[in-house]
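The values are calculated or read from the model by the stated rules, or taken from the named source; none is laboratory data. The structure presented is a predicted model; accordingly, all values stated were derived computationally and were not measured. Cβ sites come from the backbone with ideal geometry, for glycine too, and all protein chains shown count toward neighbours. What goes into the accessible areas is simple: the full protein's heavy atoms, side chains included, and nothing from ligands, DNA or RNA. Shrake-Rupley method; radii C 1.70, N 1.55, O 1.52, S 1.80 Å.
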Amino acid sequence: MTFDTLLYDVHDHIGMITLNRPDRLNAMTASMLHELQVAFAQARDDAGVRAVVLTGAGRGFCAGADLAAASESMASATTPFSYSQFLQATYNPLVLLMRSLPKPIIAGVNGVAAGAGMSLALACDYRLVVESASFTQAFVKIALVPDSGSTWFLPRLIGTTRALELMLTGRRITAQEALDWGMVNQVVPDGQFSTTLSNLAAQFAAAPTHTVGLIKQAVEFALDSTLEAALAKEAELQDIAGASADHQEGVVAFLQKRPAVFSGQ
Ligand code: T3D
């Protein structure tokens with residue numbers, strides 16, 4: 001499928017999804033949300049893809065919902081617009097797809113991430129951020145509740161005190177503040193962003209992909225489980241990981257004192 005609002009490219013086992021509406025800071029329309037679902041599903045189903053990168057074209061990562069497009073479609077609608085139906089059909093399945101993807105997703109946050117754009121970055125597994133980027137829970141500024149997963153991700157990442165501060169004020173925080181708060185993994189000078197992102201993606205693409213998927217599954221499960229249930233889940237998933245070709249390769253490589261070469265199986 002060809003995309004109108006995204007670029008999707010696969011190289012060196014990396015599926016690179018670039019939000020591509022730079023003049024609108026990559027604000028999301030209904031068609032971009034649909035295309036994102038298609039692109040993530042394609043990356044999931046392509047055995048050649050072992051790591052996924054989500055980034056933005058131009059100076060922004062993503063400014064959240066496209067407010068101009070949203071207000072136009074509301075004005076022209078013949079029936080009352082239902083936020084609930086829209087969210088259930090667009091953002092919600094996308095976020096669930098990302099969280100269940102059995103491959104690592106890196107957010108390459110190349111600029112401002114606002115509203116649902118910030119939620120998308122939070123739904124990724126690793127956040128690499130340029131020094132000049134910023135984050136805002138912009139929802140409150142237009143009198144909306146944070147959606148697309150922000151209420152779930154943010155308190156878990158930075159605690160309720162700070163999550164509520166961001167959600168209630170819409171304050172724009174810097175990349176450094178996000179790093180200090182544990183909301184992102186790494187901040188790099190703008191000039192080093194592309195190279196660092198490529199190196200990081202290559203590192204993830206060379207990891208034992210199947211086991212990485214199991215690790216994601218284990219952590220996702222443990223977030224809402226008892227210790228007893230989490231221990232049982234670890235044991236169940238370890239049976240699967242322990243039977244993998246990459247586990248064998250990892251052990252043999254260790255014993256032979258050489259770097260492991262993982263196939264992803
Ligand atoms: O309806 C639904 O879909 C429900 C779901 C909602 C989920 C949400 O995401 S709600 C939150 C929506 N997002 C926002 O409220 C953020 C709005 N944008 C901003 O606050 C600021 O633009 C930023 C803080 C993101 C960046 O500020 P700045 O000063 O760096 O850039 P700018 O000059 O404001 O924006 C540059 C251009 O992008 C500008 O267009 P222009 O004047 O050059 O023609 C601006 O209008 C446009 N733009 C930025 N954000 C959006 C947008 N256009 C449409 N929708 C946007 N969200």
Scan of the stretch 75-114 for residues that are touching a Gly at 6+ places or on another chain (Cβ under 7 Å) and not charged (D, E, K, R), ordered by number
95, 102, 110, 111, 112, 114
Within the stretch 1-40, how many residues are in contact (Cβ under 8 Å) with a residue 40 or more places away in the chain and polar (S, T, N, Q)?
3
Of all strands (runs of 3 or more DSSP E) fully inside the stretch 11-119, the set with 3 or more residues that are touching a Phe, Trp or Tyr at 6+ places or on another chain (Cβ under 8 Å) and either open to solvent by less than 50 Å² (accessible area, probe 1.4 Å) or modelled with pLDDT under 95 (or both) is 14-19, 51-56, 105-109, 112-114
Which residues, taken from the stretch 26-62, are near the ligand (Cβ under 10 Å from one of its atoms) and over 14 Å from residue 5 (Cα atoms)?
59, 60
Quick check: is even one residue across the stretch 121-130 part of a helix (DSSP H, G or I), touching a strand residue (DSSP E or B) at 6+ places or on another chain (Cβ under 7 Å), outside the structural domain of residue 215 (by TED's automatic domain parsing) and within 13 Å of the ligand (Cβ to nearest atom)?
yes
When you check residue 198 against the structure, is it closer than 19 Å to residue 50 by Cα, among the small types (Gly, Ala, Ser) and in the same structural domain as residue 110 (by TED's automatic domain parsing), yes or no?
yes
